[in-house]
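The values are calculated or read from the model by the stated rules, or taken from the named source; none is laboratory data. Everything numeric in this text was worked out from a predicted model, so none of it was measured. Neighbour counts run over all protein chains shown; Cβ positions are idealised from the backbone, glycine included.
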Amino acid sequence: MKFLFSLIIVLLLAVNVQAELRTEVVEYKQGDTVLEGYLAYDDAVKGKRPGILIVHEWMGVNPYVKKRAEQLAKLGYVAFAADIYGKGVRPKSREEASAEAGKYKSNRQLMRDRVNAGLDVLKNHKLADTKRTAAIGYCFGGTTVLELARSGADIAGFVSFHGGLDTPNPNDAKNIKGKVLALHGGDDPNVPPAQVAAFQDEMRKANVDWHMVIYGGAVHSFTNPDAGNDNSKGAAYNEKADRRSWEDMKQFFSEIFKQN
């Protein structure tokens with residue numbers, strides 16, 4: 001019995017070792033700018049698997065976006081959190097974040113170039129199935145992911161979590177190749193109804209395969225616990241919307257990654 005018990009313990013330990021989550025900081029470039037992203041995958045999954053590109057909020061590559069990468073890795077994906085701002089550029093205040101994000105919101109081509117550089121890193125990873133790739137983004141990252149779609153990136157799907165939906169280039173929606181999912185807080189003051197309506201009109205005119213989920217009672221940043229819980233500030237965490245939006249994303253992935 002002691003031998004059998006010891007054998008079981010050894011086997012369990014072996015499984016735990018095999019199922020280790022792997023993470024690494026990845027340095028890469030867009031033009032002359034050095035960028036620093038974050039990669040995560042579960043080495044218990046064998047062979048290639050779908051790849052998910054993640055784009056950070058306006059605070060840059062921080063613990064929040066790294067946590068999301070690790071969550072996706074645990075679901076069996078290889079996840080890469082791209083860096084839009086540049087190595088070492090990590091805002092320390094709302095003011096700094098607003099200024100940094102504004103550089104890219106006012107220069108959508110640069111935003112597209114930066115996110116496409118991150119997509120290239122993911123697609124070139126040995127574990128990524130290039131035929132099953134998607135991108136997700138939060139707030140500023142949601143805006144960026146939609147610009148990635150409008151740039152004509154050839155991937156299966158794009159998911160925006162409480163992201164800005166506006167663009168100076170609405171006609172570029174005709175370039176969108178994958179499916180689009182917009183996850184939106186119904187009371188988000190940063191993305192008012194007029195912007196939502198314009199986005200929907202943009203998608204319709206371009207015949208994009210899109211859908212949108214609106215969460216009642218949710219404002220901006222509803223997936224991030226660091227946003228606090230005061231809706232009157234315009235940005236606040238909403239546990240229900242966070243949980244539901246994650247499930248909606250998973251269902252979307254199940255659809256776009258379905259193998260015939």
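Got a sec? Which of Ala40, Ala44 is among the aliphatic types (A, V, I, L, M) and assigned to a strand (DSSP E or B)? Checking each option against the conditions leaves just Ala40.
Within the stretch 165-209, the set of residues being in contact (Cβ under 8 Å) with a residue 60 or more places away in the chain and among the acidic types (Asp, Glu) is empty. In the stretch 70-129, which residue that is of a type in the set (Val, Ile, Thr) and over 21 Å from Phe253 (Cα atoms) is surrounded by the fewest Cβ atoms within 10 Å (Cβ to Cβ)? Filtering the stretch 70-129 for residues that are of a type in the set (Val, Ile, Thr) and over 21 Å from Phe253 (Cα atoms), the one surrounded by the fewest Cβ atoms within 10 Å (Cβ to Cβ) comes out as Val89.
Restricting attention to the stretch 179-235 and to residues that are polar (S, T, N, Q) and surrounded by fewer than 14 Cβ atoms within 10 Å (Cβ to Cβ), the residue that is nearest to Gly157 (Cα to Cα) turns out to be Asn207. Taking the listed residues Arg90, Arg68, Arg108, the one that is touching a helix residue (DSSP H, G or I) at 6+ places or on another chain (Cβ under 7 Å) and among the charged types (D, E, K, R) is Arg108, with no other qualifying. Restricted to the stretch 47-81, and to residues there that are of a type in the set (Phe, Trp, Tyr) and part of a loop (DSSP other than H, G, I, E, B), the residue that is nearest to Phe158 (Cα to Cα) is Tyr77. Summed over the stretch 148-192, residues that are under 22 Å from Asn224 (Cα atoms) and of a type outside the set (Gly, Ala, Ser) total 16.
With respect to the conditions (1) loosely packed, with under 15 Cβ neighbours inside 10 Å; (2) under 24 Å from Ala149 (Cβ atoms), Lys46 falls short on a single one, namely (2). Scanning the stretch 210-250 for residues that are of a type in the set (Lys, Arg) and in contact (Cβ under 8 Å) with a residue 40 or more places away in the chain yields one hit, Lys250.
Of all residues in the stretch 1-37, exactly one satisfies the criterion of being charged (D, E, K, R), modelled with pLDDT of 95 or more and assigned to a loop (DSSP other than H, G, I, E, B), namely Asp32.
Here Ala173, Ala197 are screened, and the one residue that is hydrophobic (A, V, I, L, M, F, W, C) and over 22 Å from the mean Cα position of the chain (by Cα) is Ala197. Counting only residues that are within 24 Å of Asn107 (Cβ to Cβ) and in contact with a strand residue (DSSP E or B) (Cβ under 6 Å, 6 or more places away or on another chain), give me the strands (runs of 3 or more DSSP E) lying completely in the stretch 155-244 with at least 1 of them. In the stretch 155-244, 157-161, 179-185 are the strands (runs of 3 or more DSSP E) which contain 1 or more residues that are within 24 Å of Asn107 (Cβ to Cβ) and in contact with a strand residue (DSSP E or B) (Cβ under 6 Å, 6 or more places away or on another chain). Based on what the data block shows, is Asp248 touching a strand residue (DSSP E or B) at 6+ places or on another chain (Cβ under 6 Å) and of a type in the set (Asp, Glu)? So Asp248 passes the test. Screening the stretch 240-258 for residues that are among the polar types (S, T, N, Q) and either surrounded by fewer than 16 Cβ atoms within 10 Å (Cβ to Cβ) or more than 16 Å from the chain's Cα centre (by Cα) (or both) and picking the one that is nearest to Gly142 (Cα to Cα) gives Gln251.
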